[in-house]
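Working notes, beginning with the structure itself.
The values are calculated or read from the model by the stated rules, or taken from the named source; none is laboratory data. Computed from a predicted model, the values in this text were never measured in an experiment. Cβ placement follows ideal geometry from the backbone for every residue including glycine, while neighbour counts extend to all protein chains displayed. Areas reflect the complete protein model, heavy atoms only, side chains present, ligands, DNA and RNA absent. Shrake-Rupley method; radii C 1.70, N 1.55, O 1.52, S 1.80 Å.
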Amino acid sequence: MSQSAVEHFGKYILLERLAAGGMAEVYLSKSTGAVGVNKFVAIKRILPQYSDHPEFIDMFKEEAKIAVNLNHGNVVSIYDFGVERSQFFLVMEYVEGRNLRQILNELKKTNEQFTIEQIAYMMKEVAAGLDHAHRLLDGTTGKPLNIVHRDMSPQNIMVSFEGEVKIIDFGIAKAETQLEATKAGTLKGKYGYMSPEQADGQNIDPRTDVFSLGIVIWELIANDRLFTSNSEAAILRKIRDCQIPSIRKINPSVSPELERIVNKALAKDRSLRYQTAAALHRDLNRFLNTQYPEFSPHDFSVFMKNAFAGPYLDQKRKLVEFAKIQGLSTKAPVEDKTMVTQFESRPSKNGGFALPQGFDADDSLPFDTATDIRVNLEGIKNGASVVRTKTLTGITNSHTKTKTAHSTPTGVYSQSRVSINRGPSALERAASFAMRTVMILIAGIGLWWGYDKYFEKFTMSRDPSSRVGMAPTAAVPVTQKPPMENPTEEHSADLVSEAPLYAVTIYSQPERARIFIDGEDTGEVTPFRTTLKANISVSLRLYAEGYEPFTGTLSPTYDAYTFTGSMSRLKSIGYLYIRVLNGGANPELLVGGSPLQIKRDNEYYAIQAGVPVTIQVHNKTTGLKAEATVNVTANQKKTLELLLK
């Protein structure tokens with residue numbers, strides 16, 4: 001990954017966007033300490049469009065005030081909070097893993113699920129983190145903060161590849177120290193994971209987090225959602241009714257003790273529910289130790305690394321590459337003391353060239369001994385080695401080159417103390433002045449030559465007849481392009497080609513959309529990072545199964561530019577199973593013009609229902625192809641066989 005592909009944000013380097021929500025985005029970032037010590041962190045910052053929105057800023061500040069007090073192994077730590085470029089940001093602990101919702105989605109693809117002991121272990125860890133938040137005291141007053149998370153859902157439970165379980169995102173948490181209490185009737189949190197009292201808009205306490213965690217436990221065991229429906233109102237109605245299906249009927253392997261724990265956590269009456277997260281943690285811990293005494297957190301770590309072997313190794317490689325990226329230097333560049341000092345010529349007030357900056361046009365030429373370059377004229381007279389010395393705080397570095405067979409061997413390097421009290425002799429001053437005069441003349445000749453060449457090129461571009469070996473033309477033929485009146489237009493193409501490259505990251509909703517740039521298939525899917533020329537517009541098309549293609553224009557206006565294309569889901573969907581015969585290796589598939597990956601057996605494609613859809617398969621290697629048009633009704637499943645010819 002190149003240095004230009006990252007964004008510098010204050011003292012941090014933003015490496016990769018991890019997530020984006022309604023008001024903020026989260027980046028994998030790095031802070032660089034002394035002697036190159038790196039620390040990877042996660043930075044959550046308010047999106048620019050909300051930077052001047054008082055409500056969002058207040059919510060962000062409250063999250064910082066609450067989270068900065070949390071210090072527990074099962075809660076993501078907060079390291080820093082501040083403002084950069086008018087954007088509020090939080091610096092958090094980076095958890096190298098996935099949130100629980102992402103893990104469940106990945107496990108479903110391989111028909112896997114967590115075992116009972118793994119579920120019990122994760123949930124007892126979450127309960128321990130919640131208990132810490134619920135019991136937290138204000139560090140300045142010593143009074144209880146009475147924090148309630150209010151959004152205890154799989155998305156806010158992080159599981160690292162090492163098997164650590166941590167709670168994240170106290171963005172809507174309620175604490176009694178908040179300036180304004182939550183108004184009655186205001187709902188905050190994910191509808192499917194609310195408690196009955198939360199769904200009713202009543203006052204809440206830590207027991208609402210216990211109920212929400214009970215929903216998560218039930219769903220992990222049943223491998224299904226508990227409260228779900230077509231509308232938010234219907235979901236809230238189900239939560240208020242609180243009809244909990246028997247977990248043992250869904251999963252007969254569940255023990256009566258675990259069913260009792262789940263039912264107690266999901267009690268509609270708060271007085272019958274676990275009164276603290278610590279009580280829930282205690283029962284889960286006892287159940288795990290008695291029913292599964294051989295279980296070890298190490299076993300869970302091995303499971304995570306095996307289940308996510310690819311992402312785990314990819315992440316390790318990424319972090320190794322990210323570790324090589326260095327921040328912008330804030331120090332002046334160190335002078336290379338083995339180089340002869342280069343002088344910068346500057347125009348004088350009368351329009352000519354002046355002496356190098358730092359020198360006056362008098363005979364004394366006062367030298368700074370810290371940058372004095374001495375020439376030993378005696379050595380030149382005698383034919384001995386030429387010794388160039390550069391004085392730096394009393395130390396002289398001597399570089400000796402052989403001039404005669406009996407002189408000092410080539411490359412001898414020595415350091416010796418010299419006196420800095422004796423000034424340069426008159427002969428040395430004259431020689432130094434002569435050398436500087438010669439250097440100025442050379443610089444002037446070079447500038448004159450470059451200007452003359454540029455003038456010659458400019459003149460030739462204006463008048464073709466002035467070129468050597470070409471006869472002057474009386475008129476320009478109609479078929480020939482006439483010379484440009486404005487010479488700057490001639491170089492417009494060069495300006496485009498010389499435009500700097502900006503790092504661009506392309507996202508989409510949903511993710512894994514196929515990317516076409518300027519009509520060419522990149523073969524990549526979102527999220528994808530590339531480089532594009534600055535301020536040059538390119539066309540962008542995104543394709544994803546079950547969605548309308550996205551078409552737009554991409555024009556990066558700054559480095560580390562990000563772009564998100566939102567795609568609309570097809571209004572009516574049918575399902576098509578495509579069986580490719582004689583396809584060979586890596587055939588290409590187009591469904592309604594959208595390039596899609598060839599799926600495994602018994603997997604269906606979601607296509608637009610009720611309209612003719614063209615299916616094309618082509619193998620570029622063999623040149624064989626097939627095409628068919630199908631019309632699938634809504635929710636219908638259909639099979640299509642394509643034989644490449």
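Using the beta-carbon distance between N230 and E498 and R0 = 51 Å, what value does 1/(1 + (r/R0)^6) give for FRET efficiency, to the nearest 0.05?
With R0 = 51 Å, the Cβ-Cβ based efficiency is 0.35.
As an exercise, use a Förster radius of 60 Å and the Cβ-Cβ distance of A278 and D314 to find the FRET efficiency, rounded to the nearest 0.05.
0.95
How many Lys pairs in region 193-323 lie less than 23 angstrom apart by Cα atoms, where the lysines are 8 or more positions apart or on different chains?
Count of close lysine pairs: 7.
Pulled fully out, how much extra length does the chain show between L18 and K264, if you take 0.36 nm times their separation in residues and subtract their Cα-Cα distance?
Gain in length upon complete extension: 85.0 nm.
With all protein chains present and a 1.4 Å probe, how do S555, S301 order by accessible area, largest first?
Working: S555 35, S301 10 Å².
Accessible-area ranking of S555, S301, largest first: S555, S301.
Quick check: the distance between the Cα centres of region 92-110 and region 571-645, to the nearest angstrom?
Taking the Cα centre of region 571-645 as reference, the centre of region 92-110 is 31 Å away.
Ranked by accessible surface with a 1.4 Å probe, highest first, in what order do S86, S594 come?
Ranking S86, S594 by accessible area, largest first, yields S86, S594.
Evaluate the distance, in nm, between pseudo-label points positioned 7 Å from the Cα of S77 and of R237 along their respective Cα→Cβ axes.
4.9
Would you kindly derive the ³J(HN,Hα) couplings of region 287-300 from the backbone phi angles with the Karplus curve 6.51 cos²θ - 1.76 cosθ + 1.60 (θ = phi - 60°), listing them in order in whole Hz, with x for Gly and Pro?
4, 5, 6, 7, 7, 9, x, 8, 5, 9, x, 4, 4, 5
Using the basic label-point model (7 angstrom from Cα toward the beta carbon), what is the E520 to A323 distance in nanometres?
Each label point is offset 7 Å from its Cα along the Cβ direction, giving 3.5 nm.
Given H placed 1.01 Å from N in the peptide plane, which residues other than close sequence neighbours of A24 have an amide H under 5 Å from its amide H?
Amide H to amide H, under 5 Å and 5 or more residues apart or across chains, A24 pairs with L47.
Test of understanding: what is the full-extension gain from T564 to T141, defined as 0.36 nm times their sequence separation minus their Cα-Cα distance?
Once the chain is fully extended between T564 and T141, it gains 147.8 nm.
Per q in 0.17 Å⁻¹, report the Debye log10 I(q)/I(0) for region 521-596, using one uniform scatterer on each alpha carbon and no solvent.
-0.82
Say R0 is 22 Å: what FRET efficiency, to the nearest 0.05, do L624 and Y577 get from their beta-carbon distance?
Numbers: r = 21 Å, r/R0 = 0.95.
With a Förster radius of 22 Å, E is 0.60.
Among rounded, prolate and oblate, which fits region 3-144 when a ≥ b ≥ c are the square roots of the eigenvalues of its C-alpha gyration tensor, a/c under 1.5 means rounded, and a/b larger than b/c means prolate?
Oblate is the answer for region 3-144, as a/c is 1.5 or above yet b/c matches or exceeds a/b.
State the percentage of accessible surface on region 486-645 attributable to carbon and sulfur atoms; use a 1.4 Å probe and exclude ligands, DNA and RNA.
47
Sort all Cα-Cα distances of region 225-306 into consecutive 10 angstrom bins from zero, then give the percent of pairs in each bin up to the one containing the longest distance.
Here the calculated profile for region 225-306 is 15, 32, 36, 16, 2.
Using a 1.4 angstrom probe on the protein heavy atoms only, line up R529, R512, R273 by accessible area, largest first.
Output order, biggest surface exposure first: R512, R529, R273.
Apply the a/c threshold of 1.5 to the C-alpha gyration tensor of region 540-645 and tell me whether it is rounded, prolate or oblate.
On the way: a/c = 2.59, a/b = 1.42, b/c = 1.83.
Since a/c reaches 1.5 but b/c is at least a/b, the shape of region 540-645 is classed as oblate.
How large is the accessible surface of R282 in square angstrom, using a 1.4 angstrom probe and rounding to the nearest 10?
R282 exposes around 130 Å² with every protein chain in place.
Tell me, what is the per residue accessible area of region 4-100 in Å², probe radius 1.4 Å?
Solvent-accessible surface per residue comes out at 43 Å².
With all protein chains present, how much of the accessible area of region 110-152 (probe radius 1.4 Å) comes from carbon and sulfur, to the nearest whole percent?
Of the solvent-accessible surface of region 110-152, carbon and sulfur hold 47 percent.
If the chain between R85 and L47 were fully stretched, how many nm would it gain, using 0.36 nm times the residue separation less the Cα-Cα distance? It would help to have the intermediate numbers written out before the result.
On the way: separation 38, 0.36 × 38 = 13.68 nm, distance 1.13 nm.
My answer for the length gained is 12.6 nm.
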